2 protein chains.
Amino acid sequence: MVRRLPRRAAAPAVTVLRIGHRAGRDPRLTTHLGLAARALGAERMLLHPPDDALAARLAAIGHRWGGTFAVEGVADWRSAVRAHAGAVVHLTMYGLPLDRQLPRLRRHPRLLVVVGGAKVPRDLYALADYNVAVGSQPHSEVAALAVLLDRLRGLPPPATWRGGTDAIVPRAHGKLVRRAPEGTR
Amino acid sequence: MVRRLPRRAAAPAVTVLRIGHRAGRDPRLTTHLGLAARALGAERMLLHPPDDALAARLAAIGHRWGGTFAVEGVADWRSAVRAHAGAVVHLTMYGLPLDRQLPRLRRHPRLLVVVGGAKVPRDLYALADYNVAVGSQPHSEVAALAVLLDRLRGLPPPATWRGGTDAIVPRAHGKLVRRAPEGTR
C-alpha cells in the first residue's frame, strides 16, 4: 500500500536498487549504473549481491567530485524492497510507458527504482508498485535509469558538489577542472 | 563549417559514433550503447574499431524486434567524422551543459553523436561542433546518450517495428509479447 501525495514542486528523492549484479562478469556495467545514478541526482544505490570493490570505486569518485552518493550492499533484496518507505518502480521493457506513468511517479516524495539485468525474478513484477518501460524495446538498464532520472529531476547544474576537491568548468572546447581551495572542502 | 537551419518540427536524425571500443574488455558496455541508441531512435551506430560479433548481436535484436538500426564498423573514425553531412556532437562531461545547448542541436536535420570511453583523443574536442555535457560530473556514456536522445526525440511509442516478428504489449504487471502474423512482417 503506497500513499500518494498531491503533486508537489520538489522532485522525488530516488534510491536505486540494482539486483542480479555479477561481480565477475559485469563490474563495468554496474559501475556505469552507479555513475549515472550519482550524476543524475539519486541519493544512493543498493546493490545485490554486495560488491565492496565496486562500492569503493564509487566512493573514490565521491571523494574527488563531491556529494553524498553511496553504494550499499544488500544481502536480501526482497527485504530491502519491502522495507522501503515509498513507492517501488521497476524499470522493465514490459511495463507501462514512462510518458504515461511519469505524472504518477512525480507525486511520490520517495522512490525506490529497481533495475535488473536481462533476467529478473518474476515476483519483482508483483512487488513493484509501478512497472515502467523507457521505450518498449530491448534496451539498457543504464539508459532507462538515466532517462527516468532526467524526467523526474532534470539535470543538476554545473557546480562544485559539497565535499569534493575538484569541479568541472564547462567549456565549448577542451577540458578545465577547478580545484577547490582547501578551506571550502 | 556547419550550416544551421531554422528550427523545424522534425527531430534531428541521429547517427552514433562509438570510438575506443575494446572488443575484449567492454563488449557489454558497447552492446548497451547500441541497444540504447536503437531503442531511443538513432538510425545507426558506427563502431571504431569494428567488431563483427557485436554488429551481429545487434542485428539479431533487429530481426526479432524490427526496425532498421544497424551497426557499421569504421576503420578510421576521423574520416567518418569529417565525412558526416551534418553537425558533430561530442558527449563529454567537460562540455557545455545540455540544457543550454539543446535548442541549438535541435536546429540541425542530422547529428553525428560521438561517444568515447574514459579517455578520448584530444583532437576530438576540436573536431566536434558541439562538446556537450549531460551533467558536469563523471558519468556513463550510455546514460549521456540516452538523455540526449530522449531530449531530442522523445520516447518512441509502443508499437510493432516494421520487419520484426515480436512486439511488447505494455502491462502494469508481468510480461506480454505479441507475435506478428506471418503476412505482416
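Exactly one of these conditions fails for A:Ala55: (1) buried (at least 20 other Cβ atoms within 10 Å of the Cβ); (2) part of a helix (DSSP H, G or I). Give me its number.
(1)
Quick one: which of B:Ala172, B:Ala133, B:Ala167, B:Ala128 is small (Gly, Ala, Ser) and within 18 Å of A:Leu91 (Cβ to Cβ)?
Sole residue among the options that is small (Gly, Ala, Ser) and within 18 Å of A:Leu91 (Cβ to Cβ): B:Ala172.
If you scan the stretch B:145-161, which residues turn out to be in contact with a helix residue (DSSP H, G or I) (Cβ under 9 Å, 6 or more places away or on another chain) and at pLDDT below 95?
Scanning the stretch B:145-161 gives B:Pro156, B:Pro157, B:Thr160, B:Trp161.
All but one of (1) at pLDDT 90 or above; (2) under 30 Å from A:Ala60 (Cβ atoms); (3) under 20 Å from the mean Cα position of the chain (by Cα) hold for B:Arg122; which doesn't?
(3)
Give me a count of the residues in the stretch A:162-185 that are touching a residue at least 40 places away in the same chain (Cβ under 8 Å) and crowded, with 19+ Cβ neighbours inside 10 Å.
Qualifying residue count, the stretch A:162-185: 2.
Restricting to the stretch A:32-68, name every residue that is facing chain B (nearest Cβ under 10 Å), within 23 Å of A:Ala128 (Cβ to Cβ) and touching an Asp or Glu at 6+ places or on another chain (Cβ under 7 Å).
Scanning the stretch A:32-68 gives A:Leu33, A:Leu40.
Scan the stretch B:89-108 and tell me whether some residue there is closer than 29 Å to A:Met93 by Cβ, touching an Asp or Glu at 6+ places or on another chain (Cβ under 7 Å) and at the interface with chain A (Cβ under 10 Å from one of its Cβ atoms).
No: zero hits.
Of everything in the stretch B:21-64, what is over 21 Å from A:Val142 (Cα atoms), among the hydrophobic types (A, V, I, L, M, F, W, C) and in contact (Cβ under 8 Å) with a residue 24 or more places away in the chain? Give them in sequence order.
Across the stretch B:21-64, the qualifying residue is only B:Ala53.
Right, B:Gly67: closer than 27 Å to B:Asp123 by Cβ and either surrounded by 14 or more Cβ atoms within 10 Å (Cβ to Cβ) or in contact (Cβ under 8 Å) with a residue 24 or more places away in the chain (or both) or not?
Here the answer is no, as B:Gly67 does not meet what is asked.
Consider only pairs whose beta carbons are under 8 Å apart and that are at least six residues apart or on different chains; among these, list those whose first residue lies in the stretch A:144-161 and is more than 7 Å from chain B (Cβ to nearest Cβ) and within 15 Å of A:Gly62 (Cα to Cα) and whose second residue is of a type in the set (S, T, N, Q) and assigned to a loop (DSSP other than H, G, I, E, B).
Hits for this filter: A:Ala159/B:Ser136; A:Trp161/B:Gln137.
Looking at (1) crowded, with 17+ Cβ neighbours inside 10 Å; (2) without any contact (Cβ under 8 Å) to a residue 24 or more places away in the chain, find the lone condition where A:Asp99 falls short.
(1)
Whether any residue in the stretch A:73-84 is surrounded by 17 or more Cβ atoms within 10 Å (Cβ to Cβ) and either within 8 Å of another protein chain (Cβ to nearest Cβ) or of a type in the set (Lys, Arg) (or both) is what I want to check.
no
Name, by its number, the condition in (1) at pLDDT below 95; (2) part of a loop (DSSP other than H, G, I, E, B) that does not hold for A:Pro50.
Just one mismatch for A:Pro50, condition (1).
Give me the pairs, please: first residue somewhere in the stretch A:123-142 and crowded, with 24+ Cβ neighbours inside 10 Å, second residue anywhere and aromatic (Phe, Trp, Tyr), beta-carbon distance under 9 Å, and either six or more positions apart or on two chains.
Short answer, once both residue conditions are applied: A:Asn131/A:Tyr94; A:Asn131/A:Tyr125; A:Ala133/A:Tyr94; A:Ser136/A:Tyr94; A:Gln137/B:Trp65; A:Gln137/B:Trp161.
With the structure loaded, tell me whether A:Ala133 is of a type outside the set (S, T, N, Q) and facing chain B (nearest Cβ under 8 Å) or whether it fails that test.
Judged against the criteria, A:Ala133 is a match.
The values are calculated or read from the model by the stated rules, or taken from the named source; none is laboratory data. The model shown is predicted, which means the values in this text are computed figures rather than measured ones. Note that each Cβ is placed from the backbone with ideal geometry, even for glycine, and that neighbours are counted across all protein chains shown.
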